[in-house]
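What follows is one structure encoded as structure tokens, with my remarks underneath.
Throughout, read-outs are computed from the coordinates displayed, never taken from laboratory work. Small disclaimer: the values here were computed from a predicted structure and weren't measured. Note that each Cβ is placed from the backbone with ideal geometry, even for glycine, and that neighbours are counted across all protein chains shown.
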Amino acid sequence: MAPVFSLLSTFTLFTALATSVVANPSAGANHVRRQDPSTEELVPFLDYEAIKQAADAALTEDLERRGLVEPGTAAKKRSLLPTCPRVSVRKEWRKLTKAEKRAYIKATKCLQSKPDYGISPISDKMYDAFVYIHENNWFGFHATASFPVWHRWFVWLREVTLREQCGYSGPTPYWNYTMDYKDLFASPFFTEPETGFGTHGTVPYEAMTGATGYKVDNGAFANLFVNLPEPHYLTRNFTLWKDSDPNQQYGKAFGNWVSPQQVQTTLAAQTFWDFEKVLDGIGAPMSLGVHNTVHFNNNGDWYGPGWLANTKYFPFASTAPNDPAFFPHHAYVDAVFWKWQQAPGHQYDYGGSTNISDPTQNDAKITDLLPFSGFGPDIPVALTLRTEAFPLCYTYSF
Ligand SMILES: *[C@@H]1O[C@H](CO)[C@@H](O)[C@H](O)[C@H]1NC(C)=O
Ligand SMILES: *[C@@H]1O[C@H](CO)[C@@H](O)[C@H](O)[C@H]1NC(C)=O
Ligand SMILES: *[C@@H]1O[C@H](CO)[C@@H](O)[C@H](O)[C@H]1NC(C)=O
Ligand SMILES: [Cu+2]
């Protein structure tokens with residue numbers, strides 16, 4: 001167990017990845033977006049102009065909070081923006097009706113037959129565009145201040161795309177795995193007949209040279225074929241959890257890192273950067289945090305660049321969104337972030353490090369641009385900080 005555990009020390013892992021990024025910036029960079037901006041298509045269902053205006057309003061609100069512009073300047077800008085047609089409420093997966101679950105699964109698969117408007121140079125399918133924008137420069141928005149805000153916008157882009165391209169009109173689901181912390185993989189989220197996301201499967205499978213796991217051969221996404229970094233069947237490997245005696249250190253630890261108690265500890269953080277550090281287990285050698293624990297336990301495609309450690313793609317391919325379960329997982333991480341923001345003084349708090357190799361670097365700013373590789377405009381952090389405002393237009397109820 002010890003070697004496995006040391007592999008899983010998040011901070012060590014990320015630092016190692018980041019070091020190789022710095023040392024050899026061109027390694028594995030075979031995924032290059034088209035260079036000529038005039039050939040870049042717009043994503044037709046995103047209102048680029050309105051998003052840019054909303055970003056301007058959010059940045060002006062920030063200036064106004066700091067007394068740098070006349071009171072009322074931001075409100076005037078906001079009054080020119082569209083308003084939310086409605087503020088939708090995201091729901092725990094188990095609260096969706098069977099019909100809603102079926103519709104969500106159908107819409108997810110539908111993305112595999114929709115165009116990506118030139119976003120990914122590797123595949124022309126919208127399903128893969130999400131994988132591509134997540135792997136492209138992934139070290140900029142993992143285990144850094146950008147993590148919660150970048151992934152918030154990412155999950156929202158998926159929500160909009162499921163609605164606009166594939167007609168999904170139900171609630172965006174999140175998987176509240178704290179309900180399952182005593183036995184994560186017995187969760188109906190995975191095991192429910194027909195609408196479960198499936199278990200790790202029974203067939204050992206070498207997805208590509210150096211990357212093994214089990215082909216997902218059951219559940220709603222049985223035999224799902226994905227394309228990044230190269231074509232393979234969706235793969236998971238729950239072994240790490242299953243082989244951990246729940247009464248032993250690692251078995252217990254894995255559960256406890258996603259327990260309701262761990263969420264309380266995360267929510268108790270006083271500043272945004274402390275929140276992110278607890279969420280991701282940064283600088284906490286005995287915790288992977290509420291976010292990373294789930295990735296590491298699911299393994300296979302979920303495991304991010306670590307899964308590809310023995311392939312030519314390491315460390316540039318953070319292809320975890322290959323697994324459709326990525327999105328309900330990240331919607332829950334976002335719910336925890338939202339909850340943290342509800343405490344007095346937290347809504348617009350932002351800061352910390354933008355450097356994955358140095359958590360003490362205190363340079364993150366609300367004006368920082370989050371990169372989306374051409375999937376809509378890059379947006380400033382300020383635009384993500386209130387989910388109830390245009391264009392995000394969603395909330396949680398718990
Ligand atoms: C998640 O479940 C826990 C119980 O495990 C509950 O206390 C919490 O409110 C739930 N959170 C959400 C977002 O549903
Ligand atoms: C599953 O992961 C474990 C480590 O947790 C590893 O030892 C094993 O080789 C993996 N199995 C496959 C089939 O990849
Ligand atoms: C990030 O931190 C590392 C380690 O301290 C340092 O070597 C590197 O120069 C930093 N990168 C940037 C862009 O500041
Ligand atoms: Cu990610």
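Given H placed on each backbone N at 1.01 Å, which residues far from residue 352 in sequence or on other chains put an amide H within less than 5 Å of it?
For residue 352, whose amide H was placed from the backbone, the distant partners under 5 Å are 363, 364.
Calculate how steeply helix 48-65 sits against the longest principal axis of the alpha-carbon atoms of the chain, using the helix alpha-carbon long axis, and give the answer as 0 to 90 degrees to the nearest 10.
In the chain, helix 48-65 runs at an angle near 70 degrees to the longest axis.
What does the net charge come to around residue 236 if you take all other residues with beta carbon closer than 10 Å to its beta carbon, with K and R at +1 and D and E at -1?
Numbers: positive: 215; negative: 301, 323.
Value of the local net charge: -1.
Points 7 angstrom from Cα along the Cβ direction at residue 286 and residue 169: gap in nanometres?
5.2 nm
Give the residues of the range 274-309 whose amide nitrogen is closer than 16 Å to a point set 7 Å from the Cα of residue 112 in the direction of its Cβ.
Of the residues in the range 274-309, 301 have backbone N under 16 Å from the label point off residue 112.
Can you pull the one-decimal nm distance between simple spin-label points at residue 312 and residue 186, each 7 Å off the Cα toward Cβ?
4.5 nm
Could you tell me the relative contact order of the range 83-396? Use alpha-carbon pairs under 8 Å, at least six residues apart, and round to a whole percent. Write down the numbers at each step before the final one.
Values: 559 pairs, mean separation 72.4, N = 314.
Contact order relative to length: 23 percent.
Count charges around residue 279 for me, please; just the other residues with Cβ under 12 Å from its Cβ, Lys/Arg as +1, Asp/Glu as -1. Don't skip to the end; give the middle numbers.
Values: positive: 277, 339; negative: 274, 276, 280, 334.
Neighbourhood net charge equals -2.
How tilted is helix 98-110 with respect to the longest principal axis of the chain? Cα atoms for both, answer in degrees (0 to 90, nearest 10).
Orientation of helix 98-110: about 90 degrees from the principal axis.
If packing is taken as the average number of other Cβ atoms within 10 Å across a peptide's residues, how do 205-215, 294-304, 337-347 rank, most packed first?
On the way: 205-215: 18.6, 294-304: 25.0, 337-347: 15.6.
Packing proxy ranking, top to bottom: 294-304, 205-215, 337-347.
If I stretch the segment between residue 397 and residue 339 completely, what's the gain in nm (0.36 nm per residue apart, minus their alpha carbon distance), one decimal?
19.9 nm
Measuring from label point to label point, each 7 Å out along Cα→Cβ, what is the residue 89 to residue 52 span in nm?
3.7 nm
In the range 134-157, which residues have a backbone nitrogen under 19 Å from the label point lying 7 Å from residue 42's Cα in the Cα-to-Cβ direction?
Label zone hits: 157.
Rounded to the nearest 500, what is the 222 nm mean residue ellipticity of the chain from helices alone, with -39500 (n - 2.57) per DSSP H run of 4+ residues and division by all residues? Please report the intermediate quantities before stating the final value.
Values: 14 runs with 148 residues, N = 398.
Here the helix-only value at 222 nm equals -11000 deg cm²/dmol.
Rounded to two decimals, what is the ratio between the C-alpha radius of gyration of the range 83-396 and 2.2 N^0.38 Å? Don't skip to the answer; put the middle values down first.
Details: Rg = 18.3 Å, N = 314, 2.2 N^0.38 = 19.6 Å.
Its radius of gyration relative to the 2.2 N^0.38 Å reference: 0.93.
Given the peptides 310-320, 101-111, arrange them by the average over their residues of other C-beta atoms within 10 Å, most packed first. Each step should come with its number before you reach the end.
Details: 310-320: 22.1, 101-111: 18.2.
The packing order, highest mean first, is 310-320, 101-111.
If you plug each phi of the range 368-384 into the Karplus form 6.51 cos²θ - 1.76 cosθ + 1.60 with θ = phi - 60°, what whole-Hz ³J(HN,Hα) values come out, in order, with x for Gly and Pro?
Computed from phi, the couplings for the range 368-384 are 4, 8, 8, x, 10, 6, x, 8, x, x, 5, 10, x, 3, 3, 5, 9 Hz.
On a full-extension model of 0.36 nm per residue, what is the gain between residue 194 and residue 230, subtracting their alpha-carbon distance, rounded to one decimal in nm? Intermediate results must be reported in sequence, preceding the final value.
On the way: separation 36, 0.36 × 36 = 12.96 nm, distance 2.77 nm.
Here the segment from residue 194 to residue 230 would lengthen by 10.2 nm.
Once phi is turned into ³J(HN,Hα) by the Karplus curve 6.51 cos²θ - 1.76 cosθ + 1.60 with θ = phi - 60°, what whole-Hz value does each residue of the range 183-197 show in order, with x for glycine and proline?
7, 3, 8, 8, 4, x, 3, 8, 8, 3, x, 6, 9, x, 7
Nearest 10 degrees, 0 to 90: what angle lies between the long axis of helix 10-23 and the longest principal axis of the chain (Cα atoms)?
70 degrees
Can you tell me the order of 184-191, 48-55 when each peptide is scored by its average per-residue count of other Cβ atoms within 10 angstrom, highest first?
Values: 184-191: 17.9, 48-55: 15.9.
So the order, starting with the most tightly packed, is 184-191, 48-55.
Only bridges with both residues in the chain count here: give the DSSP antiparallel percent, nearest 5.
On the way: 12 of 16 bridges.
Restricted to the chain, the bridges split so that about 75 percent are antiparallel.
May I ask you to evaluate 6.51 cos²θ - 1.76 cosθ + 1.60, the Karplus curve with θ = phi - 60°, for each residue of the range 150-158 and list the ³J(HN,Hα) values in order in whole Hz, giving x for glycine and proline?
3J(HN,Hα) across the range 150-158, in whole Hz: 4, 5, 4, 5, 4, 5, 5, 4, 5.
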